[in-house]
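Report on one structure; see the data block that follows.
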Amino acid sequence: MVFSDTVNKNGIIQMCEDLCKLGDGGITNDSTLFLKATAGINQADKKVGMAILRADKRWKFDDSNYINFPIAAIDLDITKRDYTLPSAVSGGNASTLWRVNKIQVKDTSGNLHTVELMDSDEEELSTSGFPTKYNLIGNSIRFKEFPSGVTTTEGLVITFQRSIVEFTTASTTQQPGFIDTYHDLLAYDYSSVYLMPLNTQLAISYSNIYENRLKLLQADYALRNDDVKRRLTPMSQDNH
């Protein structure tokens, strides 16, 4: 489902107009409301993205609208053990990086080595050595030791998961970056928020639809790779 299609009337914005009973063009013909709706749909998209992160452990979700990989390379300095996490989205801030998946360091031959997370009771070292452990403190990576025997130029490689590619009012044909069966989630979530002070009963109804479909989305993402071995888990049932 595209973001907005004023010709064929089948975009997310057009679904919001219907759900909110605003009439054809009720959002797109109101510049202020269009901006607010766009912001609300972006927030809904981020909520879905975070829900997918909780569902997929092996297939790492990334918004399909990106044209690059969620990998950042940072220069190393043998006098520093602290390195700021990258902004995962161009022009964004640190909050656009949602999850760190892997920390790697290049040796002097350019070979990548995975660095492990420190245990909570481990102490940092005042000596130098090839990085073997790291800790996450605030918005920074802190190595256990001062790095030595490393490639300094782009020697720190971070693989991560990141925020969504946001819509603008001019996006039109851009689609949400997750499987299209559930693109309507964004319309239900935004419409529920919009209607809450106006028609609470209808807003709650949309919210319930959203929550139920979000659970289905998470279940489907957990089953996207046929090579992952499955375990049958019995569903609990309330007989009262």
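Filter segment 10-24 for residues that are surrounded by 14 or more Cβ atoms within 10 Å (Cβ to Cβ) and either more than 12 Å from TYR190 (Cα to Cα) or not hydrophobic (A, V, I, L, M, F, W, C) (or both) and give the result.
Initially, segment 10-24 is screened for residues surrounded by 14 or more Cβ atoms within 10 Å (Cβ to Cβ), giving 11-20, 22.
Across segment 10-24, the qualifying residues are GLY11, GLN14, GLU17, ASP18, LEU22.
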Practice item. Scan segment 192-228 residue by residue and report those that are surrounded by 17 or more Cβ atoms within 10 Å (Cβ to Cβ) and either aromatic (Phe, Trp, Tyr) or not in a helix (DSSP H, G or I) (or both). Key: TYR194, TYR206, TYR210, TYR221, ALA222
Exercise for review: Would you mind telling me which numbered condition in (1) in the same structural domain as ALA39 (by TED's automatic domain parsing); (2) in contact (Cβ under 8 Å) with a residue 24 or more places away in the chain; (3) not aliphatic (A, V, I, L, M) THR200 fails?
Suggested key: (2)
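Scan segment 137-190 for residues that are over 30 Å from SER126 (Cα atoms) and in contact with a strand residue (DSSP E or B) (Cβ under 8 Å, 6 or more places away or on another chain) and report the count.
The initial filter retains those residues of segment 137-190 that are over 30 Å from SER126 (Cα atoms), namely 161-190.
Imposing the further condition that a residue be in contact with a strand residue (DSSP E or B) (Cβ under 8 Å, 6 or more places away or on another chain) reduces the set to 161-163.
Matching residues across segment 137-190 total 3.
Do the conditions hold for ILE204, that is, is it touching a Gly at 6+ places or on another chain (Cβ under 9 Å) and of a type in the set (Val, Ile, Thr)? Working first, answer last.
Details: touching a Gly at 6+ places or on another chain (Cβ under 9 Å): no; of a type in the set (Val, Ile, Thr): yes.
No.
Residues of segment 25-61 being outside any helix (DSSP H, G or I) and buried (at least 17 other Cβ atoms within 10 Å of the Cβ), which ones? Break it down into steps so the answer makes sense when it comes.
At the first step, the residues of segment 25-61 found to be outside any helix (DSSP H, G or I) are 25-30, 56-61.
Correct list: GLY26, ILE27, THR28, ASP56, PHE61.
Results for (1) within 26 Å of the chain's Cα centre (by Cα); (2) at pLDDT below 95; (3) not basic (Lys, Arg), shown as yes or no for each residue.
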site: VAL115; (1), (2), (3): yes, no, yes
site: GLU122; (1), (2), (3): no, yes, yes
site: PRO131; (1), (2), (3): no, no, yes
site: SER191; (1), (2), (3): yes, no, yes
site: LEU202; (1), (2), (3): no, no, yes
site: ASN212; (1), (2), (3): yes, no, yes
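Just to confirm my filter: which strands (runs of 3 or more DSSP E) fall fully inside segment 75-191 and include at least 3 residues that are touching a residue at least 40 places away in the same chain (Cβ under 8 Å) and surrounded by 13 or more Cβ atoms within 10 Å (Cβ to Cβ)?
The qualifying strands (runs of 3 or more DSSP E) are 97-106, 140-143, 156-162.
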Practice item. Among the numbered conditions (1) crowded, with 19+ Cβ neighbours inside 10 Å; (2) among the charged types (D, E, K, R); (3) not assigned by TED's automatic domain parsing to the domain that holds SER171, tell me where ASP5 comes up short. Key: (1)
Review point. Regarding ASN65, is this residue of a type in the set (S, T, N, Q) and not assigned by TED's automatic domain parsing to the domain that holds TYR190?
Key: yes
Practice item. Sort out which residues of segment 9-26 are on the phi > 0 side of the Ramachandran plot and among the small types (Gly, Ala, Ser), and write them in order of number. Key: GLY23, GLY25
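The values are calculated or read from the model by the stated rules, or taken from the named source; none is laboratory data. Computed from a predicted structure; not experimentally measured. For neighbour counting, all protein chains shown are included, and Cβ atoms are generated from backbone atoms with ideal geometry for every residue, glycine included.
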